[in-house]
Amino acid sequence: MTIKKSLNVILLLPAILAVFVLAACQKPASLPVLGKSDVVVAFGDSITFGTGAGPQESYPAVLEQMIGRKVINAGVPGEITAEGLSRLPQVLDTEKPALLILCHGGNDTLRQLSREQTARNIREMVGLARQRGVAVVLIAVPSLGLWVSPAPMYRDIAKELKIPLEEKTLSGILADDSLKSDLIHPNAAGYRRLAEAVAALLKKNGALD
């Protein structure tokens, strides 16, 4: 290496170090601590409703037991995101939650609706919650294909809006025959697995002490 190149490397070192420092200082998305009397709303379609298992085996019911806070099951089977967007304001105004757990978009995928519109609808749902001072957690729904994997738009939305994302668990459940009741719904064991993952995400991001 020539002297000139060596000097260039030395001069660049502060900038390189600054990049690493900034990356290290970037904090993950965080949530406010949930008080014991705070309400959580689990909002979505049949996955949230608990199709394929009993009412007390749905992921919101199991999550309520795990975290010791009231969790409202606001899942509507068959709902697409456009319908969810219309329904959400009333749910938020009625339940007045501290936290919204949003798991939506599967029926849009099944009906082959516009991915761009689905993403816009989800972003708007997050915005509606934030306007009311409600924190949001996002659950990624699998995309259609040979492999069960989370649709990339959920990671994009979570990164853009800086909200916690449970990305892989639902896809993992629906790729495991022992954890599902049919091709698109978990069974009781699958819903428990999802509740465990959401509880872990809440704790990781500061919602649970």
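The values are calculated or read from the model by the stated rules, or taken from the named source; none is laboratory data. Since the model is a prediction, treat every value here as computed from it, not as a measurement. Don't worry about glycine lacking a Cβ; one is built from the backbone with ideal geometry, like all the others, and counts go over all protein chains shown.
Data for the structure
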{"read-out": "First in segment 191-209 and within 23 Å of Ser46 (Cβ to Cβ), second anywhere and in a loop (DSSP other than H, G, I, E, B) and of a type in the set (D, E, K, R), Cβ under 9 Å, 6 or more apart", "value": "Arg193/Asp176; Ala197/Lys168"}
{"read-out": "Options Ala197, Ala189, Ala140, Ala158; residue that is over 15 Å from Cys103 (Cα atoms) and either more than 13 Å from the chain's Cα centre (by Cα) or surrounded by 18 or more Cβ atoms within 10 Å (Cβ to Cβ) (or both)", "value": "Ala189"}
{"read-out": "Total residues in segment 145-164, condition in contact with a helix residue (DSSP H, G or I) (Cβ under 6 Å, 6 or more places away or on another chain) and either touching a residue at least 60 places away in the same chain (Cβ under 8 Å) or under 15 Å from Gly106 (Cα atoms) (or both)", "value": "5"}
{"read-out": "Scope segment 72-99; condition under 17 Å from Leu170 (Cβ atoms) and buried (at least 23 other Cβ atoms within 10 Å of the Cβ); matching residues", "value": "Thr81, Gly84"}
{"read-out": "Test: Val62 is closer than 18 Å to Arg193 by Cα, in a helix (DSSP H, G or I) and at pLDDT 95 or above", "value": "yes"}
{"read-out": "Options Leu92, Leu110: the member that is among the hydrophobic types (A, V, I, L, M, F, W, C), within 16 Å of Ile47 (Cβ to Cβ) and more than 17 Å from the chain's Cα centre (by Cα)", "value": "Leu110"}
{"read-out": "Pick from segment 100-125, criterion aliphatic (A, V, I, L, M) and buried (at least 23 other Cβ atoms within 10 Å of the Cβ), ranking: farthest from Asp156 (Cα to Cα)", "value": "Leu100"}
{"read-out": "Residue among Arg120, Arg115 that is more than 23 Å from Leu202 (Cβ to Cβ) and touching a residue at least 12 places away in the same chain (Cβ under 8 Å)", "value": "Arg115"}
